[in-house]
Amino acid sequence: MDAEGQEDFREFVANRSSALLKTAVLLSGGDRHAAEDLLQNALIKAAGRWHRIDEPEAYVRQILYRQQVSRWRLKWPRRELSVPELPETGSGTDASSAAELRLVMRAALARLTARQRTVLVLRYFEDLPEADVARLLGCSVGTVRSTTHRSLARLRGLAPELAALGPADAEQQPSRDFSPVEVRP
């Protein structure tokens, strides 16, 4: 990579790594360390092909998705992550209840399978259409639909307090404000 390419890559990492890390944290189920590894590996792969990349962020995100898919296809068992019990949720609409809701959502996402979590992150956090999700995951659109349906049903079962949100409440919640939370094994 030439000096100009190195500078472009450094600038890209400085400007976009925060947003990319948020996606990686969601994909890894809230495990910040695994998310950092996932992002680091994706950036290493992108750096090697930097001069050939037209849309760097899309390219790095696709590497993230594919690496996460590869992780949940591994044959050996993965370690389970323990999460502390959540505090009782408040009924107010103040900032603390919004933070509690994000914690509940993160904990519920962490308890989904990696495949379910990946499909939900791609569909709702990244706002990708079903066809794009199917292409990224290497499956059919029907598989994406059924996995989304089962994942949402399980998510509702794991976090019934999320079902209490009406459509108006859901719009008021910050949809992309997922700050990483350390999950201790």
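Laboratory data are not the source of any read-out in this text; all were calculated from the coordinates shown. Model, not experiment: these values are computed from the prediction. Neighbour counts are summed over all protein chains in view; Cβ atoms, including those assigned to glycine, are modelled from backbone coordinates with ideal geometry.
Between residue 71 and residue 16, what's the calculated FRET efficiency when r is the beta-carbon distance and R0 is 22 Å? Round to 0.05. Working shown, then result.
On the way: r = 22 Å, r/R0 = 1.00.
In this case the efficiency is close to 0.50.
Between 60, 26, 15, the Cα set farthest toward the positive side of the dipole of the stretch 1-78 (charges on each charged residue's Cβ, about the Cα centre) is that of 26. Of the trypsin sites (Lys or Arg not before Pro) found in the stretch 43-72, those in coil by DSSP whose Cβ has at most 12 other Cβ atoms within 10 Å are 49.
How would you rank 30-39, 138-147, highest first, on the average number of other Cβ atoms within 10 Å across their residues?
Numbers: 30-39: 19.7, 138-147: 14.8.
Order by mean packing, descending: 30-39, 138-147.
For the stretch 21-27, the Karplus equation 6.51 cos²θ - 1.76 cosθ + 1.60, evaluated at θ = phi - 60°, returns couplings of 5, 4, 5, 4, 4, 5, 5 Hz by residue, with Gly and Pro reported as x.
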